[in-house]
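The values are calculated or read from the model by the stated rules, or taken from the named source; none is laboratory data. Computed from a prediction, not measured in an experiment: that's the story for all the values here. Here the Cβ positions follow ideal geometry from the backbone for every residue, glycine too, while neighbour counts run over all protein chains shown.
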Amino acid sequence: MKKLYTSIRAYTLLLLTFFIFKANNIKAQDLLDCGSDRIHQSDFIKKQIAKRVQGARVAALDPNQVITLPVVFIVHHLGEAIGTGLNVSNADLMTALTNLNNAYAATDYYIGGINTKIKFALVKSDKACNPTTGIIRINSSSIPGYSLPKGVEIDDYEMQDSLINQNTTFTSDDCIIIRTAKIQSYSGFASFYGQAFIRHDYITSKYTVPHELGHIFTLYHTFEGDAEVKPTTSPRTYVCPPNADPNNDGDQISDTAPHTRERSCSTANIATTPNVCDGNAVYGNSLKNIMSYSSGNCMDRFTPGQIARMREQISLFLPDWINSKLLVDVTNPPLISITPNPINRGSSTTLSTNCIGTVKWYNSSNVLLATQATYTASPLTNTIYKADCRTTSCTSPKRTDTVEVSQPIIISNNSDQTSLNFGTTDTNSKSIYSTDNQRIITSVKLLTSITSALQINAKTTIDPNVDSTSSGRKYLQRHYDIVPSALESTLQAEITLYYSQAEFNAYNSANSGYKDLPTNGIDNEGIDNIRIFQAHGTALSSDNSPENYSGTTEELTPTSIVWNATAARWEITIRVTGFSGFFIMTPQAGSLPLT
């Protein structure tokens, strides 16, 4: 398809150039004529374009898809300072771009129209990855004849080629090229699928640039096919264009009424004047069409048929303009979007960018993770990711962003058991989670320096009921078995254990003769009753009750007891030497509290 498109296009444009005729001197009251008539008058060309239009209808864009097309302004001046003479100011070029976007979005002055869902933006880089403003200024005083009063004429192909060849960084295959130049007889001219030449002092006109781009998108004038009555009269008069087959006659669009070019879009003409080319119906909005020659400052719209045709032609014959890589700012890294962020531990998130090109994803150490538009990650802690954007041979700097991971607040279930590796440099607290990463079992901070990595295994047991030791002392249903792979009896650490209030309540209901655990987060008396008992050694069987360990039992004083209201859990921290089983009990009723 690409080769076919290129060859057809090149042949068609050659014919377009061949069939350019001499310029005329017709002038509307407030708009010089468009020279594109001279380019598109050939019957042969019309037939070829009609065939292409019909073919395009099978491959049209989704009508709701908004497309942004790349634009380059090329200013052909004579050496003047920017903003004087032919050297059009940046402000005027931005006004032209604004008018163009407003016209095709049916906003501002063009509010009476229909949104084409076509947008325009200045290119940000060229094909060689060089950043650009999208505005190129060229001193064309060396081009023979350009400094003469007539400037570049529509039929002076040699001068046009000379101007174009002064800078070939961009071509019509790459983007929309809008040239401002010295033109005498027309406000501008453009060829189908080609470039636009705009008279320098018409660049800010509300009609000229939108009109000429309509030609680039293969729109004819709405009066296409009218014929001047001979001999020439003053004012000139025209015969109606043919319209027996609206899809192939005239402008080849059925929802634009046929008319002649000499009408103004005054209120009287629109509301009351019969259009003899359209069965004497009043002119209505046909004279407001951007592709007409109406005078009266009213051209503000395209028809649905014109919009469909423009989008079809862009989609089929100018596909490189859609989501153009030239719109990527290669000097800046791509923006990274993370959805959702933050995530819960064990969940996944998707990272994407605004890159129009190829995205490469890296970890914080710049190790390549993937080459794809999006990257799905399931980090267990806050994790840095990086991305760069590549367009052909262009590569942007990397952008860095962080996936924030919210740690689980739900405490472990019965039989939750997993291991966590600790390295020689792990000096901060690390949490051990269930195998699905949804629940927290315990948190461990090593206080002993280790010379080689070790693994700590943590298991939660929740008995069906509050049980008792052989002496009748009750202990909490939830208890933990925490065992390192080495230094089991000597390793020092700070351990945080997690409990629910419901478990404390169950203990209090079953307890007899011993003090109660706290009933809420501000029950200081109950908090003072908490005792952690460590059963040293190894559990002798699966019944890892306090008396079922090979070593002695030691009562520990917590260094911290916190009710975490947000997580709805008790967090009790103790310091230990050696790991094993951990149980909660309370003092016997009537005993004095610890001081």
Residues of the range 112-132 classified as at pLDDT 95 or above and either farther than 26 Å from E312 by Cβ or among the β-branched types (V, I, T) (or both), total: 4
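Among the listed residues T490, T538, identify the single one that is on the phi < 0 side of the Ramachandran plot and surrounded by 12 or more Cβ atoms within 10 Å (Cβ to Cβ).
Values: T490 fails: surrounded by 12 or more Cβ atoms within 10 Å (Cβ to Cβ).
None of the other options fit; the residue is T538.
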Selection within the range 209-228 - in a loop (DSSP other than H, G, I, E, B), free of Cβ contacts under 8 Å to residues at least 60 places away in the same chain and in contact with a strand residue (DSSP E or B) (Cβ under 6 Å, 6 or more places away or on another chain): D226
Number of the exception - Y498 against (1) outside any loop (DSSP other than H, G, I, E, B); (2) farther than 24 Å from Q455 by Cα: (2)
The one condition in (1) in a loop (DSSP other than H, G, I, E, B); (2) in the same structural domain as Y104 (by TED's automatic domain parsing) that T381 fails to fulfil: (2)
Residues (within 30 Å of S412 (Cα to Cα), in a loop (DSSP other than H, G, I, E, B) and modelled with pLDDT under 90) located in the range 336-359: R345, G346, S347
Residues of the range 361-385 classified as touching an Asp or Glu at 6+ places or on another chain (Cβ under 8 Å) and buried (at least 20 other Cβ atoms within 10 Å of the Cβ), total: 1
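Take the conditions assigned to a loop (DSSP other than H, G, I, E, B), at negative phi and surrounded by fewer than 16 Cβ atoms within 10 Å (Cβ to Cβ) and apply them to K206. Does it pass?
no
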Any hit, the range 175-184, residues being in contact with a Pro (Cβ under 7 Å, 6 or more places away or on another chain) and modelled with pLDDT under 95: yes
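For every residue, the table says whether it meets (1) surrounded by fewer than 19 Cβ atoms within 10 Å (Cβ to Cβ); (2) part of a helix (DSSP H, G or I); (3) not assigned by TED's automatic domain parsing to the domain that holds N99.
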{"residue": "G112", "(1), (2), (3)": "yes, no, no"}
{"residue": "T116", "(1), (2), (3)": "no, no, no"}
{"residue": "K119", "(1), (2), (3)": "yes, no, no"}
{"residue": "K127", "(1), (2), (3)": "yes, no, no"}
{"residue": "I138", "(1), (2), (3)": "yes, no, no"}
{"residue": "P144", "(1), (2), (3)": "yes, no, no"}
{"residue": "I154", "(1), (2), (3)": "no, no, no"}
{"residue": "Q160", "(1), (2), (3)": "no, yes, no"}
{"residue": "I177", "(1), (2), (3)": "no, no, no"}
Subset tally (residues that are in contact (Cβ under 8 Å) with a residue 40 or more places away in the chain, part of a loop (DSSP other than H, G, I, E, B), of a type in the set (S, T, Y) and over 19 Å from R473 (Cβ atoms)) for the range 530-581: 3
